[in-house]
Amino acid sequence: MEESGGEIDLNALPVGDKTLSAKEIIGNESQERMGLVLHEKDIAYIKRIADRERSPFYKVGKVTSDGKFVFKSDRQTQNPMDLKLSDMFGSSPKTIMEDTFVTRKFEDVAYDPKEIYTYVEQVLQLEAVACKDWLTNKVDRCVGGKVAKQQCCGSLQLPLNDVGVMALDYQGIKGIATSIGHAAASALIDEKAGSKNAIAEALTNLVWAPLENDLASVSLSANWMWPCRNKGEDARLYNAVEAASEFAIALGINIPTGKDSLSMKQKYPDAEVLSPGTVIISAAGQCSDVRKVVEPVLKVTENNQIIYIDFSGDDMEIGGSCFAQTKNKVGSKTPTIKDDAYFKKAFNAIQTLIKKDWITAGHDISAGGLITTLLEMCFAEPNTGAMINLQAIAEKDPVKLLFAENSGVLIQTNKINETEDYLQKTGIRYAVIGKAVRSNALTIENPDLTFDIEIYRDIWFRTSYLLDEKQCRGNKAAERYENYKIQPLNFKFPDHFTGRLPVVPSGKKFKAAIIRGKRLLTANARWPMPCIWQDLM
């Protein structure tokens, strides 16, 4: 109401303690409340939604145009608060921050193309790239029954999905898709590129869920972590926020929320350590059909083809990449998104292909680069490999080609002619690079490389095992490491099972067992035991 004025009825506010004074009611800091300004005609509609969601709803006042902010009560002869807006906001001090731009140069990453096999092993073991099984095997990934797409995929149930999807209800096909993205090392080189790459990663993770209105369905949340009030960092943060804002506006999506932690510095007796300026982007959008979410699991079929699509439009660079981190370097050049409008067009093109059921598998290119994406798409199914030829991609430096983290995706299709026709008509740059085969090898031409899937899957899983070992008793982490690839998921349903809810006769209800989150210590039990009650409805 800052620009106009408003009037609040003190008696309309929900007050649990009738002894509170007007001052205490006005200044109360009760949490989990939200104020909305609505048109009068919309109140009944919002009230119906609030009633449906069992959310308390109170009409407490109105917007005025008298330039005053008033709390009134018909139980008091004098208004508890009656102030002019100019008295409240007119002379508020403006915060002015001054900083200077500091140019920082990081060393280039030195490498030898003959060591690619070693580099792949090192990248696959990096925490950002390696398997996250040590996290996902400890949680219930389908609690509540509306989880439509969780982390694990394929018959080996490896945590490779980058998009999570929750169904809105138990009957329909609509849902909410979520993902995250970040590019902290990239932002060290170029804070503007870091912001754009973080948004790009969140979106190329989210793109595998068919969204109601394609990219227009998406909203973002930006969580900023920055070591402010250190020379050059406020200026870098300004650039980073501006770049994120401009990129989101160009894409036609909003960033309505987020948070910040701007004191990211640790002081020691003999040194100060600054956290790298980072923005974590969370993306969410309404999924139009939870059954059509695409997974990063190659399907070995007769006519399948794998297509590379670049979203960045930039030269391939390894600065700010996971590969650079394994060399203990940052790098001097990092890729960015060169054409915002093209990124939007490419995103929506993938959405269309998913909705046409022309994409059978897909994965983004981010942490670890193209080689990680190719290997991960082979990991989740036994005896699944690929034959790849990278000649059609312009980059000739094999290290940049395999490890650069330029925003992009790989898609697999069984409708190659239709898919190519569509991509050509919409002006999307692409390269057909190979196909999935029944094999335990990923074979690459240009450069000529062969990777044994089982060996490199174990390398990728090893970091998870080492972290899990610190949390598990006995030999359980080692058992998991030995067994994860030899126990593929195989559903066996009874003959009468149809997957449909049974028809309940009128007047009868289901019986349900309710497990409460309570624990008791028994006389003979070493650990707390769950207590179970059964409610028969």
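For the stretch 6-82, carbon and sulfur atoms together expose 49% of the accessible surface, with a 1.4 angstrom probe and every protein chain in place. Seen against the Cα atoms of the chain and their longest principal axis, helix 116-125 is set at about 30 degrees.
Along the axis of the charge dipole computed for the stretch 366-440 (Cβ charges of +1 for Lys and Arg, -1 for Asp and Glu, origin at the Cα centre), the listed residues LEU401, ALA380, ILE433 are led at the positive end by ILE433.
Under 22 Å Cα-Cα from LYS485, which lysines qualify once same-chain neighbours fewer than 8 residues away are excluded? Within the straight-line limit of under 22 Å, LYS485 reaches these lysines: LYS132, LYS138, LYS149, LYS299, LYS470, LYS476. Computed from the C-alpha gyration tensor, the three semi-axes of the ellipsoid equivalent to the stretch 386-495 are 35, 21, 14 Å, from longest to shortest. The 3J(HN,Hα) values that the Karplus relation (6.51, -1.76, 1.60; θ = phi - 60°) gives for the stretch 163-172 are, in residue order, 10, x, 9, 10, 5, 6, 7, 8, 10, x Hz. Gly and Pro appear as x.
To the nearest 20 debye, what charge dipole does the stretch 12-92 have about its Cα centre, counting +1 at the Cβ of each Lys and Arg and -1 at the Cβ of each Asp and Glu? Using Cβ point charges on Lys, Arg, Asp and Glu, the stretch 12-92 gives about 260 debye. Averaging the sequence gap over all C-alpha pairs within less than 8 Å and six or more residues apart, then dividing by the number of residues, gives the chain a relative contact order of 15 percent. Remark on GLY258: its backbone amide H falls under 5 Å from those of ALA222, a criterion applied only to residues 5 or more positions apart or on other chains, H modelled at 1.01 Å from N. Per residue, the chain exposes 57 Å² of accessible surface when a 1.4 Å probe is rolled over the protein heavy atoms with every protein chain present.
Each label point was placed 7 Å from the Cα along the Cα-to-Cβ direction; for VAL504 and LYS84 their separation is 6.3 nm. Here is how the number arises for the chain: DSSP H runs of 4 or more residues each give -39500 (n - 2.57), the sum is divided by the residue count, and the result at 222 nm is -8000 deg cm²/dmol. Between ASP452 and PHE57, the modelled label-to-label distance comes to 6.4 nm, taking each label 7 Å out from Cα in the direction of the beta carbon.
Largest first, the three principal axis extents of the alpha carbons in the stretch 109-227 are 56, 36, 27 Å in whole numbers. Within a straight-line Cα-Cα reach of under 15 Å, LYS84 can be paired with the following aspartates and glutamates, leaving aside sequence neighbours fewer than 8 residues apart in one chain: GLU2, GLU3, GLU7, ASP66. Taking every protein chain into account, the 1.4 Å probe leaves CYS322 with about 10 Å² of accessible area, to the nearest ten. Stretched out straight at 0.36 nm per residue, the stretch from SER263 to LYS492 would grow longer than its current Cα-Cα span by 77.1 nm. Rolling a 1.4 Å probe across all protein chains gives MET166 an accessible area of roughly 80 Å². Please give me, ordered by residue number, the chymotrypsin sites (Phe, Trp or Tyr not before Pro) of the stretch 1-64 that lie in loop per DSSP and have at most 16 other Cβ atoms within 10 Å. Answer in residue order: PHE57, TYR58. The H on the amide N of LEU449, modeled in the peptide plane, is under 5 Å from the matching H of ILE444, each at least 5 residues off or on a different chain. Principal-axis analysis of the Cα atoms of the chain puts helix 416-425 at an angle of about 60° to the longest axis.
For the stretch 319-385 versus the stretch 489-505, the inter-centroid distance based on Cα atoms is 37 Å. Think of each Lys and Arg Cβ as +1 and each Asp and Glu Cβ as -1; about the Cα centre, that makes the dipole of the chain roughly 2180 debye. In order along the stretch 260-275, the phi-based Karplus estimate (6.51 cos²θ - 1.76 cosθ + 1.60, θ = phi - 60°) of 3J(HN,Hα) comes to 9, 10, 10, 10, 7, 9, 10, 9, 10, x, 10, 6, 10, 10, 9, 5 Hz; Gly and Pro are listed as x.
Kirkwood's formula applied to the C-alpha pairs of the stretch 1-156 gives a hydrodynamic radius of 23.2 angstrom. When you filter the trypsin sites (Lys or Arg not before Pro) in the stretch 117-187 for DSSP loop state and at most 11 other Cβ atoms inside 10 Å of their Cβ, you are left with LYS138. If R0 is taken as 25 Å, the Cβ-Cβ distance between ASP108 and ALA394 corresponds to a FRET efficiency of 0.75.
The values are calculated or read from the model by the stated rules, or taken from the named source; none is laboratory data. The shown structure was predicted, so the numbers you read here are calculated from the model rather than taken from an experiment. Note: ideal-geometry Cβ built from the backbone for every residue, glycine included; neighbour counts use all protein chains shown. With ligands, DNA and RNA removed, areas are computed over all heavy atoms of the protein, side chains included. Shrake-Rupley method; radii C 1.70, N 1.55, O 1.52, S 1.80 Å.
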